[in-house]
1. Identify the single condition in (1) assigned to a loop (DSSP other than H, G, I, E, B); (2) under 26 Å from residue 146 (Cα atoms) that residue 47 does not satisfy, given that it satisfies every other one.
2. Take the residues in segment 136-177 that are more than 13 Å from the chain's Cα centre (by Cα) and of a type in the set (S, T, N, Q), then tell me which one is nearest to residue 114 (Cα to Cα).
3. When only residues in segment 167-213 that are under 21 Å from residue 128 (Cα atoms) and among the aliphatic types (A, V, I, L, M) count, which is surrounded by the fewest Cβ atoms within 10 Å (Cβ to Cβ)?
4. For segment 156-185, which positions are closer than 21 Å to residue 4 by Cβ and charged (D, E, K, R)?
5. If residue 14 meets every condition in (1) free of Cβ contacts under 8 Å to residues at least 24 places away in the same chain; (2) of a type outside the set (Asp, Glu); (3) assigned to a loop (DSSP other than H, G, I, E, B) apart from one, which number is that one?
6. Would you please name the residue that is farthest from residue 38 (Cα to Cα), looking only at residues in segment 85-136 that are without any contact (Cβ under 8 Å) to a residue 12 or more places away in the chain and among the polar types (S, T, N, Q)?
7. Confirm whether residue 58 is open to solvent by 10 Å² or more (accessible area, probe 1.4 Å) and touching an Asp or Glu at 6+ places or on another chain (Cβ under 8 Å).
8. Does residue 106 count as within 22 Å of residue 204 (Cα to Cα) and of a type in the set (S, T, N, Q)?
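The values are calculated or read from the model by the stated rules, or taken from the named source; none is laboratory data. Model, not experiment: these values are computed from the prediction. Every residue, glycine as well, gets a Cβ built from its backbone with ideal geometry; the counts of neighbours run over all protein chains shown. Heads up: the accessible areas ignore ligands, DNA and RNA and are worked out on the full protein's heavy atoms, side chains in. Shrake-Rupley method; radii C 1.70, N 1.55, O 1.52, S 1.80 Å.
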Amino acid sequence: MDFSQRLALPYDSARWQASPAPGVWRYPLEREQAESGHVTSLVRFEPEARFPEHSHPRGEEFWVLEGTFSDEQGDYPAGSYVRHPPGSRHGAFSREGCLIFVKLNQFAADDEGERKLLPGQDLWITGEHGYRRLPLHKHDGISTSLLDFPQGGRFPPCCYKHGLEILVLEGQLAEGPLSYPVLSWLRFPAGTVPELEAGRHTRLWVRTGHLPA
């Protein structure tokens with residue numbers, strides 16, 4: 001939770017922890033308190049596992065990595081992005097099992113919009129530098145998107161005045177001699193401009209502008 005420090009966590013299967021719900025496992029990345037507050041994690045549901053109804057005082061968003069995640073409002077297959085606004089509640093389950101990347105209680109007070117982007121509803125933007133971008137959400141200078149590098153290439157040295165966060169969804173990301181495979185998570189503090197190189201067929205979840213200076 002020290003946002004002034006850079007973090008780079010290559011995926012390590014030993015980091016999985018049991019949750020209070022049987023068959024639901026968590027892989028903590030950021031966690032303010034044990035069962036509340038600011039949380040960033042991977043969550044894995046075994047087939048037919050359920051997590052009881054719970055609230056999101058400051059919102060919830062998730063990206064479905066594998067399988068199908070479900071709640072009372074519908075089913076979200078791999079490649080879905082969902083935002084539930086502050087004050088929302090739901091129960092969660094998965095019939096076939098799933099893996100999601102989830103962020104809890106990190107919305108601004110006036111960021112009250114709900115968003116559901118399912119596979120096939122997306123609109124990729126092709127840039128000038130050989131990669132594609134899929135905008136997911138933007139609010140008050142905070143931007144969330146996917147970046148796709150079919151042929152690899154340098155991660156855009158854009159304006160990261162207020163921080164950068166990356167989850168490797170596919171392929172591999174490198175910083176000098178260091179290499180980060182799928183499910184690696186990186187966080188760079190405000191003012192950092194890292195020199196990152198994406199391998200071929202690399203896809204990244206990216207957030208910028210959300211870390212305090």
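1. Against the list (1) assigned to a loop (DSSP other than H, G, I, E, B); (2) under 26 Å from residue 146 (Cα atoms), residue 47 comes up short only on (2).
2. 172
3. Among those that are under 21 Å from residue 128 (Cα atoms) and among the aliphatic types (A, V, I, L, M), it is 193.
4. If the condition is that a residue be closer than 21 Å to residue 4 by Cβ and charged (D, E, K, R), then 161, 165, 175 are the ones that fit.
5. (3)
6. Among those that are without any contact (Cβ under 8 Å) to a residue 12 or more places away in the chain and among the polar types (S, T, N, Q), it is 126.
7. Values: open to solvent by 10 Å² or more (accessible area, probe 1.4 Å): yes; touching an Asp or Glu at 6+ places or on another chain (Cβ under 8 Å): no.
Answer is no for this residue.
8. Working: within 22 Å of residue 204 (Cα to Cα): yes; of a type in the set (S, T, N, Q): yes.
Yes: the conditions hold for residue 106.
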